[in-house]
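The structure under discussion appears below in the form of C-alpha cells.
The values are calculated or read from the model by the stated rules, or taken from the named source; none is laboratory data. Remember, predicted model here, so these are calculated numbers, not experimental data. Accessible surface areas use protein heavy atoms only, side chains included; no ligands, DNA or RNA. Shrake-Rupley method; radii C 1.70, N 1.55, O 1.52, S 1.80 Å.
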Amino acid sequence: MTGFEEPILTLRLPVLLDWEQNRPGGCRCLCAIFHRLPGATGCTTAAEPGLLLRVETPAETSGPLPVCIGCYTALAPLCV
C-alpha cells in the first residue's frame, strides 16, 4: 500500500454481477471476464484491505467490495 487510502473504484455495468464476496478463497472478483480468459471464475487471491470496488448498474449499486491488488489494477482503467 502507498500509505494513503486508495479511491473506491466504480465500475458501471448493464447488469450486476453477483459473486460471493464473503466466501473463503480470495477476493472473488470476476474481472477475468473482462479479459475474456478461458474458464474465467472468481479470483482466488486474498483481498487487500482498503482496495474497494463498487459495481453500479441502472437498477442498483453494490456496496464497496474488497478486491486484491491485481484485480484493482486491472479494473482501474475501466472505472469512472
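If the condition is being open to solvent by 40 Å² or more (accessible area, probe 1.4 Å) and in a helix (DSSP H, G or I), then the range 48-75 contributes I69, G70, T73. Restricting E20, E6 to those that are at pLDDT 80 or above and of a type in the set (D, E) reduces the list to E6. Restricting T41, T57, T73, T45 to residues that are among the β-branched types (V, I, T) and at pLDDT below 70 narrows the list to T41.
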